[in-house]
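The values are calculated or read from the model by the stated rules, or taken from the named source; none is laboratory data. Nothing here was measured: the structure is a model prediction, and the numbers come from that model. A quick note on method: Cβ atoms are made from the backbone with ideal geometry, for glycine too, and the neighbour counts reach across all protein chains shown. For the accessible areas, the whole protein counts, side chains as well, though only heavy atoms, and no ligand, DNA or RNA atoms are used. Shrake-Rupley method; radii C 1.70, N 1.55, O 1.52, S 1.80 Å.
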Amino acid sequence: MKSDIILSGVGGQGILSIAAIIGLAAVENDLYLKQAEVHGMSQRGGDVQSHLRLSSHPVHSDLIPYGKADLIISVEPMESLRYLPWLSGSGWLVTNSTPFINIDSYPPVEDILTQVRKIPNHKIIDADEIARQAGSPRSGNVVILGAASYYLDLPYASLEKAVTELFSRKRSEVVEQNVKALRAGREA
């Protein structure tokens, strides 16, 4: 088993939480994991991305070569387009349809989604709205992970357990809200 995943979004959208959840689930399943990330941009609203490489065999590099990603999980639609050169021909793109407009020249959202729809294997969901309906407006990142769970080589139960573990330091309501968000994303 080998799975190369790129996570993308804007600082503050929870990209590193998604990476931590996938990492915990991978470790539970005795997989090797390498991760490279660019973060710390949330104060500027800059792009944040992470490369995750999971395998049943040792992984030697933490960076995914162009054209080799099996999955791009994006919490922001324009950021999903930034990482398309990494997506393999058979790879999947799962993205939020709700933009995080942080620049004056942000293109029309429908233009961005038109480009996403050109990708043969894509899934677009309104993760922000689904998170609101699930009772946790700040959990759009976990909703996106739930939607992408079908394309991960990890048991869904391991992802749910990882969400519980990651948020266990917070109130029980936060854990419950995030598990509910993960399930809502999977149903979407």
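Glu160 fulfils the conditions (1) among the charged types (D, E, K, R); (2) open to solvent by 60 Å² or more (accessible area, probe 1.4 Å); (3) closer than 28 Å to Ala26 by Cα except for a single criterion, (2).
Looking at segment 100-108, can you tell me whether even one residue there is farther than 17 Å from Asp47 by Cβ and out of contact with any Asp or Glu (no Cβ under 6 Å at 6 or more places or on another chain)? There is at least one residue in segment 100-108 that is farther than 17 Å from Asp47 by Cβ and out of contact with any Asp or Glu (no Cβ under 6 Å at 6 or more places or on another chain). The test for being open to solvent by 80 Å² or more (accessible area, probe 1.4 Å) and either closer than 30 Å to Asp30 by Cα or modelled with pLDDT of 95 or more (or both) holds for Arg171. List, please: which pairs have Cβ atoms under 8 Å, are six or more places apart or on different chains, and start with a residue in segment 1-22 that is within 14 Å of Val94 (Cβ to Cβ) and end with one that is of a type in the set (Val, Ile, Thr) and part of a helix (DSSP H, G or I)? If the second residue must be of a type in the set (Val, Ile, Thr) and part of a helix (DSSP H, G or I), the pairs left are Ile5/Ile22; Leu7/Ile15; Leu7/Ile18; Ser8/Ile15; Gly9/Ile15; Ile18/Val142; Ile18/Ile144.
Would you check which residues across segment 58-75 are of a type in the set (A, V, I, L, M, F, W, C) and without any contact (Cβ under 8 Å) to a residue 60 or more places away in the chain and list them? Selection gives Val59, Leu63.
So in segment 65-105, with the set limited to residues that are open to solvent by less than 10 Å² (accessible area, probe 1.4 Å) and of a type in the set (Val, Ile, Thr), which one is farthest from Ala131 (Cα to Cα)? Per the criteria, the residue is Ile72. Just checking, which of Asp30, Asp4 is at pLDDT 95 or above and open to solvent by 70 Å² or more (accessible area, probe 1.4 Å)? Of the residues listed, the single one that is at pLDDT 95 or above and open to solvent by 70 Å² or more (accessible area, probe 1.4 Å) is Asp30.
Can you tell me which residues in segment 137-148 are open to solvent by 10 Å² or more (accessible area, probe 1.4 Å) and either farther than 19 Å from Leu93 by Cβ or free of Cβ contacts under 8 Å to residues at least 12 places away in the same chain (or both)?
Step one: of segment 137-148, the residues open to solvent by 10 Å² or more (accessible area, probe 1.4 Å) are 137-138, 141.
Scanning segment 137-148 gives Pro137, Arg138.
Let's see how each residue does on (1) part of a helix (DSSP H, G or I); (2) without any contact (Cβ under 8 Å) to a residue 24 or more places away in the chain; (3) surrounded by 14 or more Cβ atoms within 10 Å (Cβ to Cβ); (4) out of contact with any Ser or Thr (no Cβ under 6 Å at 6 or more places or on another chain):
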residue	(1), (2), (3), (4)
Glu110	yes, yes, no, yes
Gln115	yes, no, yes, yes
Ile119	no, no, yes, yes
Tyr150	yes, no, no, yes
Thr164	yes, yes, yes, yes
Val175	yes, yes, yes, no
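Quick one: is Gly135 closer than 26 Å to Leu31 by Cα, over 13 Å from the mean Cα position of the chain (by Cα) and either assigned to a strand (DSSP E or B) or of a type outside the set (A, V, I, L, M) (or both)? No. For segment 55-66, the criterion of being within 15 Å of the chain's Cα centre (by Cα) and in a strand (DSSP E or B) is satisfied by no residue at all.
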